[in-house]
Every structure is written in structure tokens, then in C-alpha cells.
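I have placed the structure first, in the form of C-alpha cells, so that the comments after it can refer back to it.
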Amino acid sequence: MSAHSGVLGIFEARDDAVAAIDALRAAGMKRMTVYSPAPDHTIEHALHEPKSPVRIFTLVGGLTGAATGFALPTWTSLHWPLVTGGKPIISMPAWVIIAFELTVLFGALSTVLGLFILNRWPNRKPLIIYDASFSADRYGIHLDVPAGASAAAARDIMNRAGAVEIREARGEVTSAS
Amino acid sequence: MATERRSETHPGIDSYGRVNRDVLKLLSVPGRAYRILFACVLVVLAWGIFAFGTQVVLGIGMSGLNNPVSWGLYITTFVFWVGIAHSGTLISAILYLFRARWRQSIYRVAEAMTVFAVLTAGLFPIIHLGRPWVFYYLLPYPNQRLIWPNFRGPLLWDVFAVGTYLTVSTVFFFVGMIPDVAAARDATTVTWRKKLYTVLAFGWRGTNTEWKHFNRAYLYLAALATPLVLSVHSVVSWDFAVSIVPGWHTTIFAPYFVAGAIFSGLAMVMTIVIPIRKIFGLEAYFTPRHFDMMSKLVLLTGMVVFYAYLTEYFIAWYSVETPERYAFWNRAFGEYWWATWIMLTCNGIIPQLLWSKKIRTNIAAIFTITIFINIGMWFERFVIIVTSLTREYEPWQWRPYMPSWVEMSILAGSFAWFFMWFLLFLRILPGVSVAELKEVLPAPIRRLSGRRIQTGEASP
């Protein structure tokens, strides 16, 4: 089975797309990808998706940064224990600043790493199931159709919801942009 | 066609498609005026690099720096550019968390300004070094002599704060741009642009999972950038406040510097956006309301800064500390009295004009005021650094300071460096956030047009 086997419906109004999502889900067809030109809460609600786990990356990165920020100055100061300014070798108040900056640095970088891992970026493959208008003003719904099953029902639903265009998206058949 | 409604924040923009067309039009072939401006910027930059070259070859004596003023124009300009950087993060992160719905169109420009301003600021501590080629001694790297930097020193805190700020703001800038670069990728027909945007878009398609992870990541980046922006200028202020130089040794410095940074940064955003708006015909994107809102923020932060100036004088008097009292008397009436009065006039008095709604909505007036603020904020740092150092400790070591031609050329070169990046940015990357702007525009909806869509009985 080709991974790209399915139907791609293109909509020019958000409520049409949402109506199609609702109808497809009601018909038990839930394996879909929805394309939108802007982040959209209405679509998010229609899809009933769980929260993004990217926050785990932020948390782990931030904690690693904090730990590094205390460990690095402590270790290097003990490595060459030279008293400066009459202050203790391990000067915690100063370490707090380093730890704070590294918390932010590691937290931010691991958040971005999480974003890339979760989205499987960079996606170097040509954009097959895609249309250039999705980044401008149109919405798209791609429904995975298992091999052997008929796409007629899905096409019918999308049609009735007001799709302006429906394509068979199978492998290299549809190539946009 | 789908029915379009009006946005309350950007009433002049009527559809998603128009946003793409208008914004991506900025990426067209540059005109004659742009090329001339760019050439001028390169000439000034080349002059600045030449001046720096003479300093490298002939030594730091080419600058006016000497004892006791070993921090002169370079550190003044460093603090100035770090300050300029701050409003970008304010607009992109803090106003994002506060859900200020007017920030969308302006934040990309502000964020670009942040990245380029930190990039400029970061050069100055290195230029300021007598031997700039050993700048990497600042970093904690394993070395044969087993020597590590002194983490108790505020200058090292600065390395971590400014380094983190540069990294995080750059990452924030490029990650935030992914959906917009994808839009540019889909619209462009120029080969090199297509290649560049394809790389920078990382294969973005705008799917529901991509948006979900993207929005969350953006939220956490904003949440991390917010305390970061407040910390960076606090750490910069501790370079001064942790020492015992009269005029520097005060606890008020951190909040005073942060307010000043946001004040100067917002002024710079407006100084830059006003000509862009005019030249590129983006009046529908940068509306008078934007300038009204930013002017109010400038007024607020300006009042905080002015209050801090007055508090400094009050505390100097109230402390009954002779050196402290002298330092502040010297600021206002000593040999650098003119710098102090430029600072007080530009930052304390001129912004008071913004109380008037008439002035806040007059673009030409705002432009003039923000230029005064930029000048005033540069002089603020000059006053803090130079007046304090020329009269440091014992009278026998007092010595006046004036920047040399090398320092002035490098200052001019830093502006050229900043504007070079900015001009390149305007032509290469989307200068207004396409995706975020769509968030505040009404989505294309058909139902209002009266055509009924049957959805309930759609199941087979």
C-alpha cells in the first residue's frame, strides 16, 4: 500500500472544511490531515486532538540547563580554587545568574529540537499531498483510504461540504507546487 | 466566493489572500533607491572596518581610551544596541503572552531588529578588547593550562546573558518565520529564492499536527524569552552596579536599565517602521492605532526612566555620601553637562508630548520624537559611563575623555552594519508575519453569504 493513498479535498471557506471534518468523523473516517493557512482553534476542536508533548522537551531542557549552570561554575572553580574578591570558592548567588541563563538557553533549544522531532523536520521529500494555496487562503483535508477500500464515500462527503476541488492523492499522482 | 468580514485590528485588510500578496510583494526585485541606499550603507561600513583595522594594527591607543576612562564610546554603544534589541522581544514574546492583538503585523520587523541589534552589540565588547583576536578567552573551554573564567565576575555573566540572548532571539526569529517562509516558497518563481525558502521552511505544509506542535513550541519559547529579556539588561546593568564607582554603585540600575532598554527599543522600532510603511505602501498593516499603542508604551517606559533619573539625584542627596553627591553634581554641572542635559531633555521632557492624542496619531511628530529618544538614550549611556569614570576615586587620576575619530567611525560603522542586515532582511525574508496576521483576521466563512451547506446528513 502506498503511504499516500487517499483523497485530498480543497476548501475555500473554513466552515466548509470544519463541516467536512465533522461529517467524515461521524462516518468513522478519522485518519485525516488538515491543512490550514493559519493556526485555527475551530479546526483544532473539530479534530479532538491531544495536547502537543513539546512541553516535555522544554521541561527537560530547562532542568538540564539549570543543573549545568550550577555544575559548570562549581566544577571549574574547584578545579583551580583561587579566592577572588574574598568570596567563597563556590559563590552561589553568582551561579544563579549563570544557571538562569543556561535554563533559558537549553530550554529554548530543546523546545525547538522537540518541534523538529515531533514534526519530523526537516522534511526534504517533495511535497506530494499538498497545494500551494494552503499557505495562502485555502484549507485542505487529506483522508487516508486503506488499500482496497473505496474512496467514493469520502468524496461524496467532501463534495457535499462544499469542496472546490477533490483529488485522488495516490503516490506521485498529485504533485502540487 | 467566501464572504469576508472586517478585522477590528486591521480594518484595511480584507482577505487571507491579500495578506500573502501584499507581504510577498516586498520580496520583489529592489528598486534604484534601495540599491543606492544599500551602497551608501556599505561605504560607511567599509569606513568603520578600516577604522577598526587601524586600531587592530596600531593598538588600542588609536581610541581615546586611557586610564581612568577605559570604558568609553565602545561600551556606551554596546549598551545602546543591547537596549535597542529589547523591544523586539517585548513585542514578539511579552505582548504575545498578554494576547495584545495589535502586535501581529509589527512583530516580525521588531524581532529582526532584535536579532540585528544584538549582532551589532556583540561586536563592541570584542572591538573594545586590546587584543580582539583572543576574545574566546571569555568562554569556558577546556584548555591545556587548566584555566577557567571567573564566574564571580559580572563581565562573564554578560557573556552568558548576551550569548543566550543572541541564540534564543535568532532561534525564535527563524522558527517563528517557518510558516511565512513556506508561503514565500509556494509563491515565488525565482530559483534561488525557491531554494532558500525550501531550506528555511523545513518542509512545512501547514498540517494540523504541524500547527499544534508549532503553537505550543512558540508559546514556550515566548515564555522563556520573557524572563530572558528582563534578565539581559539587568545583567548588563550589573557590569556597572556591582562595581564601587560613584554613580554606578546603585541597586536601582537593573529596573532602570530594563525600562530604558524597552523605551529606546520601541522608539527605534517606530523610527524604522515609519519609513518602511511609507516606502512599501503598508499603511493597512501599520495603522495609526499601532503607533498610538506603541507611543503609550514609550510614554510609560519613558516615565519610568525619568523617575529613575530623579531617584538617582534624590538618593545622591539623601545618602549624604560626598563622592555620590559629587558624582551627580558633576553629571549635571561638570564638564559633560551638555551630555546630561541632552539626555534629560530627550528622554525626560520631549516624550511628555505623547500625552496628547493628537501627537500620538501624528506620524511625522512621532517620527521626530523617536529620533530624539534614540539620541537621548545613547547619551544616557555615555553620561553613565564617562562622567562616572572621568571622576573615579582620587582626584589625581581624574582625566577627561573624548572619543577619537576611530571610535566615531566605528560608531557610524555599527549603524551601517545594523542597517545592512536590516535592508537585506526586508528583501529576502517576509517582513510581516503572514500566518500570525491571519490569526487576527476573520477566517473565510461561507455561511454568512447565505448559501446553505448540508452537513448533518452527510454520513453515508
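Observations on the model:
- Of all residues in the range A:116-144 being modelled with pLDDT of 90 or more and of a type in the set (Val, Ile, Thr), the one that is surrounded by the most Cβ atoms within 10 Å (Cβ to Cβ): A:ILE141
- Of residues in the range A:1-39 being among the charged types (D, E, K, R) and facing another protein chain (nearest Cβ under 7 Å), the one surrounded by the fewest Cβ atoms within 10 Å (Cβ to Cβ): A:ASP22
- Selection of the range B:184-203 for residues being at the interface with another protein chain (Cβ under 8 Å from one of its Cβ atoms) and either outside any helix (DSSP H, G or I) or not aliphatic (A, V, I, L, M) (or both) yields B:ARG185, B:ASP186, B:PHE202, B:GLY203.
- Set side by side, the residues B:ILE375, B:ILE359, B:ILE369, B:ILE384 differ, and just one is part of a helix (DSSP H, G or I), closer than 30 Å to B:MET293 by Cβ and in contact with a Cys (Cβ under 6 Å, 6 or more places away or on another chain), which is B:ILE375.
- Only residues that are within 25 Å of A:ILE128 (Cβ to Cβ), more than 7 Å from chain B (Cβ to nearest Cβ) and free of Cβ contacts under 8 Å to residues at least 24 places away in the same chain were counted across the range A:45-58, and they come to 0.
- The residues on offer are B:TRP204, B:TRP157, B:TRP211, and the sole one that is under 30 Å from B:TYR313 (Cβ atoms), out of contact with any Gly (no Cβ under 6 Å at 6 or more places or on another chain) and surrounded by 19 or more Cβ atoms within 10 Å (Cβ to Cβ) is B:TRP157.
- The number of residues in the range B:204-245 that are outside any helix (DSSP H, G or I) and in contact with a Phe, Trp or Tyr (Cβ under 7 Å, 6 or more places away or on another chain) comes to 3.
- Pairs with Cβ under 6 Å, 6+ apart, first in the range B:423-435 and among the β-branched types (Val, Ile, Thr), second surrounded by 23 or more Cβ atoms within 10 Å (Cβ to Cβ) and not in a helix (DSSP H, G or I): B:VAL432/B:SER105; B:VAL432/B:TYR285
Here is a yes/no grid of residues against (1) at pLDDT below 95; (2) assigned to a helix (DSSP H, G or I); (3) closer than 30 Å to B:THR387 by Cβ; (4) touching a helix residue (DSSP H, G or I) at 6+ places or on another chain (Cβ under 6 Å):
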site: B:ALA46; (1), (2), (3), (4): no, yes, no, no
site: B:ALA51; (1), (2), (3), (4): no, yes, yes, yes
site: B:ASN67; (1), (2), (3), (4): yes, no, yes, no
site: B:TYR74; (1), (2), (3), (4): no, yes, yes, yes
site: B:SER87; (1), (2), (3), (4): yes, yes, yes, yes
site: B:ALA100; (1), (2), (3), (4): yes, no, no, no
site: B:GLY130; (1), (2), (3), (4): yes, no, yes, yes
site: B:TRP133; (1), (2), (3), (4): yes, yes, no, no
site: B:PRO142; (1), (2), (3), (4): yes, no, no, no
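Results for (1) free of Cβ contacts under 8 Å to residues at least 40 places away in the same chain; (2) among the hydroxyl-bearing types (Ser, Thr, Tyr), shown as yes or no for each residue.
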| residue | (1), (2) |
| --- | --- |
| B:LEU155 | no, no |
| B:LEU166 | no, no |
| B:SER169 | no, yes |
| B:VAL175 | no, no |
| B:ASP180 | no, no |
| B:LYS194 | yes, no |
| B:HIS213 | yes, no |
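- Of all residues in the range A:107-132 being within 8 Å of another protein chain (Cβ to nearest Cβ) and among the polar types (S, T, N, Q), the one that is farthest from A:VAL60 (Cα to Cα): A:ASN123
- All of A:GLY61, A:GLY69, A:GLY86 fail the test of being surrounded by 16 or more Cβ atoms within 10 Å (Cβ to Cβ) and more than 9 Å from every other protein chain (Cβ to nearest Cβ), apart from A:GLY61.
- Residue, surrounded by the fewest Cβ atoms within 10 Å (Cβ to Cβ), within the range B:283-328, restricted to residues that are within 30 Å of the chain's Cα centre (by Cα), part of a loop (DSSP other than H, G, I, E, B) and not acidic (Asp, Glu): B:ALA284
The values are calculated or read from the model by the stated rules, or taken from the named source; none is laboratory data. Being a predicted model, the structure only gives us computed values, none of them experimental. Here Cβ is always computed from backbone atoms with ideal geometry, including for glycine, and neighbour counts include all displayed protein chains.
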